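Input: a single structure, listed below in structure tokens.
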Amino acid sequence: MSSSIEVLTEDLALLQGEDRDPLESIARQLLVAIGEDPDREGLQETPARYARWWREFTGYDPGSVDTLFETTASGSLVAVSGISVWSLCEHHLLPFSCRITIGYLPRQKMLGLSKFARIAHQHAHKLQSQEQLSQQIADDIERLTGSPDVAVVGRGEHLCMAMRGIRTPATMTTAVWRGALKDAALRSELIALTNDRTC
């Protein structure tokens, strides 16, 4: 097995001669640090795959998130649930999955249906905490729709808890209630519409 100094020297030589992603070098260093040989069969292409995955995940493009429509249904509760996203815990760099429920009371404009998922994915594709994720989604829904009456509920399962530390899977729920959606009756309506008992 190569020493870490040999691997670093090889990586520097490769990087000087080629236009390689620096994340490949980091992946090779990681493999060496955990006692693996990055040149063995099965791992030879792993640094390149690792680099591509990080670039793909953090470079995610949600497309257009601001398609709005005129509405005559101002004040009627709109709810979208079951939006599944993956994110990365900013404390341990381990994945967490989260199911998002969004509710809001439209004013003059309604947000296009696919935009809710695009907004959720846009904020999930970076180093994140579930609390921040819920707040950032709510911020965008409020900003884009012009409605201060917004709710976002996230139900997440975190590998940083399931794979390390206590090593026990659990569901974490975060909730953001703003404006009129702080009201108990509207919360109950959102729960009934989405059948989400965690709201």
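The values are calculated or read from the model by the stated rules, or taken from the named source; none is laboratory data. Values in this document were obtained by computation on a predicted structure and should not be read as measured data. FYI the Cβ positions are ideal-geometry reconstructions off the backbone, even for glycines, and counts take in every protein chain you see. When the accessible area is computed, the model is the full protein with side chains, heavy atoms only, and any ligands, DNA or RNA have been set aside. Shrake-Rupley method; radii C 1.70, N 1.55, O 1.52, S 1.80 Å.
Quick notes on this one:
- Listed here are the helices (runs of 4 or more DSSP H) enclosed by the range 112-199 that have at least 1 residues being over 23 Å from Phe57 (Cα atoms), in contact with a Pro (Cβ under 9 Å, 6 or more places away or on another chain) and open to solvent by 50 Å² or more (accessible area, probe 1.4 Å): 130-145.
- Selection status of Arg155, charged (D, E, K, R) and under 19 Å from the mean Cα position of the chain (by Cα): yes
- Screening Leu193 against (1) at pLDDT 95 or above; (2) out of contact with any Ser or Thr (no Cβ under 7 Å at 6 or more places or on another chain) leaves a single unmet condition, (1).
One line per residue, one yes/no per condition, for (1) over 24 Å from His158 (Cβ atoms); (2) surrounded by fewer than 15 Cβ atoms within 10 Å (Cβ to Cβ); (3) without any contact (Cβ under 8 Å) to a residue 24 or more places away in the chain:
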{"residue": "Gly75", "(1), (2), (3)": "yes, yes, no"}
{"residue": "Ser81", "(1), (2), (3)": "no, no, no"}
{"residue": "Trp86", "(1), (2), (3)": "no, yes, no"}
{"residue": "His91", "(1), (2), (3)": "no, yes, no"}
{"residue": "Pro95", "(1), (2), (3)": "no, no, no"}
{"residue": "Arg107", "(1), (2), (3)": "yes, yes, no"}
{"residue": "Met110", "(1), (2), (3)": "yes, no, no"}
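- Residues that are in a strand (DSSP E or B) and among the aliphatic types (A, V, I, L, M) were ranked within the range 76-108; the one that is farthest from Leu193 (Cα to Cα) is Leu88.
- Residue list for the range 29-72, restricted to those being under 21 Å from Ser87 (Cα atoms), β-branched (Val, Ile, Thr) and loosely packed, with under 13 Cβ neighbours inside 10 Å: Thr58
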